[in-house]
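This report refers to the structure that appears directly beneath it.
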């Protein structure tokens with residue numbers, strides 16, 4: 001296991017695991033570069049449930065164990081990042 005370090009990530013909050021009743025147990029953040037970070041359970045993780053499928057910027061402590069990345073979120077905010085979309089001209 002690597003030494004924990006402070007990081008900031010940007011990405012979309014997604015469900016990771018569910019209980020038998022179909023309720024979300026844990027969340028992850030998938031970054032815009034397709035890296036996945038499991039969100040460790042704490043008060044901020046509970047607040048992030050209301051940001052499901054929304055873009056966020058999260059700051060916290062990263063831990064890595066056997067290629068799994070986990071973040072203990074200390075603070076987060078909604079990310080207003082809008083990627084530029086280029087639509088090819090299919091019809092002329």
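In the range 1-30, the residues that are over 24 Å from residue 81 (Cα atoms) reach residues that are not in a strand (DSSP E or B) with C-beta atoms within less than 9 angstrom, at least six apart or across chains, in these pairs: 1/66; 24/49; 24/52; 25/19; 25/41; 26/40; 26/41; 26/45. Meeting the requirement of 2 or more residues that are within 19 Å of residue 2 (Cβ to Cβ) and in contact with a helix residue (DSSP H, G or I) (Cβ under 7 Å, 6 or more places away or on another chain), the strands (runs of 3 or more DSSP E) wholly within the range 12-86 are 68-78.
A quick yes/no check of all residues on (1) exposed (fewer than 10 other Cβ atoms within 10 Å of the Cβ); (2) in contact with a strand residue (DSSP E or B) (Cβ under 6 Å, 6 or more places away or on another chain); (3) at pLDDT 95 or above:
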residue	(1), (2), (3)
16	no, yes, yes
25	no, yes, no
39	no, yes, yes
60	no, yes, yes
82	yes, no, no
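The values are calculated or read from the model by the stated rules, or taken from the named source; none is laboratory data. Quick caveat: nothing in here was measured; it's all calculated off a predicted structure. Ideal geometry is used to build each Cβ from the backbone, glycine not excepted, and the neighbour counts take in all protein chains shown.
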